[in-house]
Amino acid sequence: MVTKPKRIDILGVATASGASVRGCGMGPEALRVAGLLEALVDLEHAVADHGDLRRVYPQISTNPSSWRLPEERKADVLDLAARTSQAGCDILADGNFPLFLGGDHSIAIGTLSAVSRYSAAKGKPVHVLWVDAHADYNTPDTSPSGNLHGMPLALLCGEPGFDDSFRADWLGNIEPRNVTIFGARSVDREERKLLQARGVDVIDMRKIDQVGVVGLMQPIIERAKAANAHLHVSFDVDVVDPAIAPGGGTLVPGGLTYREAHLIMEMLHDSGVVGSLDIVELNPFLDHGGKSATLLVDLVASLFGCSIMGEEPGPVEFVTGED
């Protein structure tokens, strides 16, 4: 049977500073209201909620649009990334499973830095499953929008173009060839060139339509197992079709179906290779009656063992922060 993690440690990162649309800073609390903790406890997991990290502003600006200023938003993203990186390392060092709640996808700068730094100290490779409609592999030079939620993978994979403010001891490093982007259907032209040049594996919706989730997920899982890797899953709500998950700020038609999304999470649970998880880009302001938040809670529950019949899979070990 799959071994439960010692404890699931929940950490919210309440920011929308990496995005152009306000609202996803409320995402962590919306997931709690939708029953995330109760769902995990019902599955008999030990759970600790560390609350939310958020930027503290010593003085409110007299400019009501100051949050849109690029330098202020960048400072917010980097401040939270540094704190997330340390908090995530601490969770992993205690042998627990970090479940990070966003916030926009720029929070992955901190979450993946934590995983990278901790795993490097243990001599363990990191594989990344980026479940997202977007590749998030732009740089400041290639990004059409300049929004940092479209750049975390490029930064972590060492792409040039980021100024010295992005270089710090807390920043981790990811090998591009160990990254799989799953569910992509909106990739910028220059971003596409970078992905191809670096050998990032991009599984777009056409491949999923042609081959199916099982045939595409199984090699990802087997590769992580063969490498004895820490698999970090970063799940963006916009990977799911907007018809069933309207609560995101950068929606693209033609996403994963309800069953495809659940099957991904169920296969990940059965594999026992997942060591950390992001849930990002939920914007309650754009959601319809909590529809997206409820779906995300159900998907997280599937990754942690919820199944239709409650049947136990075969004997595999669930990877946590401890070797």
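Odds and ends about this structure:
- Residues satisfying the stated conditions in segment 231-245, i.e. among the charged types (D, E, K, R) and more than 11 Å from the chain's Cα centre (by Cα): D238, D241
- Residue check, R7 closer than 17 Å to A108 by Cβ and either at pLDDT 95 or above or buried (at least 17 other Cβ atoms within 10 Å of the Cβ) (or both): no
Here is a yes/no grid of residues against (1) surrounded by 22 or more Cβ atoms within 10 Å (Cβ to Cβ); (2) among the β-branched types (V, I, T):
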position	(1), (2)
P246	no, no
V252	no, yes
L263	no, no
L268	yes, no
F285	no, no
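- Taking the criterion of being under 20 Å from the mean Cα position of the chain (by Cα) and of a type in the set (A, V, I, L, M, F, W, C), the residues of segment 209-230 that qualify are V213, L216, M217, I220, I221, A224, A229.
- When the residues of segment 42-95 are filtered to those that are modelled with pLDDT of 95 or more and among the hydroxyl-bearing types (S, T, Y), the one that is nearest to G27 (Cα to Cα) is T84.
- Residues of segment 71-98 classified as part of a strand (DSSP E or B) and in contact with a Phe, Trp or Tyr (Cβ under 9 Å, 6 or more places away or on another chain), total: 1
The rows are residues; the columns are (1) buried (at least 20 other Cβ atoms within 10 Å of the Cβ); (2) in a strand (DSSP E or B); (3) in contact (Cβ under 8 Å) with a residue 60 or more places away in the chain.
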position: G12; (1), (2), (3): yes, yes, yes
position: T15; (1), (2), (3): yes, no, yes
position: V21; (1), (2), (3): no, no, yes
position: G27; (1), (2), (3): yes, no, yes
position: L40; (1), (2), (3): yes, no, yes
position: H45; (1), (2), (3): no, no, yes
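- Members of segment 90-131 that are closer than 22 Å to D76 by Cβ and hydroxyl-bearing (S, T, Y): S106, T111, S113, S116
The values are calculated or read from the model by the stated rules, or taken from the named source; none is laboratory data. Small disclaimer: the values here were computed from a predicted structure and weren't measured. Backbone-built Cβ (ideal geometry, glycine too); neighbour counts: all protein chains shown.
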